[in-house]
Amino acid sequence: GYANLDAITNLYPGLYVVGAISSLGKTTFVHQMSDQLAEAGEHVIYFSLEQSTLELASKSLSRIMAKKDYATALTSLQIRKNGDDERVADAIAAYDSFASNITIVECSFRATIDDIEKYVNDFVKQRKVKPVVVIDYLQVIQSSDPKLSTKDLVDMHVRRLKQMQEDHKIAVIVISSLNRQNYLTQIDYESFKESGGIEYTAVVVWGLQLEVLHVD
């Protein structure tokens, strides 16, 4: 659903990583992609380890309103405060046309890698479909082994997500933070150096950054 990405690639089975600095729009970008995949008929499981289902759903409604009329669209915060607005009702009706294809799993900072694997395994077994799985985000997956260091923990989570992806032959999109020392430099593989061997495990790495940092 993004013309510039669609022009150069398709979404095929593999582990995809989207990295950016804090508050740059990682969740908004990937959540919009999830909505667009669902609207196109794909099944999506969205593990939200930070934001609530209400926050994500209101973003979807705001986006639908903006596509219809940007000048009068409400923000996600305004929607949560003005839920009885008839424009919100219209957006909900539009969202309902594809909402059954997207499952938001609200984790509230509690999910472990075991929880994620079990949910995906059960989903595939029960529904007989291959979903696109989104993890928002990697560094917030909780530890099931208190003896592991932070880096070893993230390494283990990346390996397990890759194995889950290969077992089911699905696309898994993982949102990741970057190293703090790379906040003001153009994104490259070094930006993920302490983020679980991502440069060796992911089939595609996308970097989201401010245009001012882009170097041709």
Here are some residues: L49, L74. Which one is farther than 16 Å from I104 by Cβ, surrounded by 16 or more Cβ atoms within 10 Å (Cβ to Cβ) and hydrophobic (A, V, I, L, M, F, W, C)? L74
Answer with yes or no whether L56 is within 22 Å of Q139 (Cα to Cα) and either under 17 Å from the mean Cα position of the chain (by Cα) or open to solvent by less than 70 Å² (accessible area, probe 1.4 Å) (or both). yes
Pick from the stretch 161-185, criterion more than 22 Å from T27 (Cβ to Cβ) and either open to solvent by 40 Å² or more (accessible area, probe 1.4 Å) or in contact with a His (Cβ under 6 Å, 6 or more places away or on another chain) (or both), ranking: modelled with the lowest pLDDT: Q181
Determine which member of the set R63, R87 is more than 24 Å from the chain's Cα centre (by Cα) and without any contact (Cβ under 8 Å) to a residue 60 or more places away in the chain. R87
Filtering the stretch 104-127 for residues that are more than 23 Å from E55 (Cα to Cα), surrounded by fewer than 19 Cβ atoms within 10 Å (Cβ to Cβ) and either in contact (Cβ under 8 Å) with a residue 60 or more places away in the chain or under 15 Å from the mean Cα position of the chain (by Cα) (or both) leaves a count of 1
Taking the condition at pLDDT 95 or above and within 28 Å of Q142 (Cβ to Cβ), does T28 pass? no
Among the listed residues G19, G14, G1, identify the single one that is open to solvent by less than 50 Å² (accessible area, probe 1.4 Å) and more than 14 Å from the chain's Cα centre (by Cα). G14
Quick one: in the stretch 90-103, which of the residues that are open to solvent by less than 20 Å² (accessible area, probe 1.4 Å) and touching a residue at least 60 places away in the same chain (Cβ under 8 Å) is nearest to G14 (Cα to Cα)? I102
Given the conditions (1) of a type in the set (S, T, N, Q); (2) within 12 Å of the chain's Cα centre (by Cα); (3) open to solvent by 60 Å² or more (accessible area, probe 1.4 Å), report the number of the one that T27 does not fulfil. (3)
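The values are calculated or read from the model by the stated rules, or taken from the named source; none is laboratory data. Since the model is a prediction, treat every value here as computed from it, not as a measurement. Virtual Cβ from ideal backbone geometry, glycine too; neighbours counted across all protein chains shown. Side chains are part of the model used for accessible areas, which takes the heavy atoms of the whole protein and leaves out ligands, DNA and RNA. Shrake-Rupley method; radii C 1.70, N 1.55, O 1.52, S 1.80 Å.
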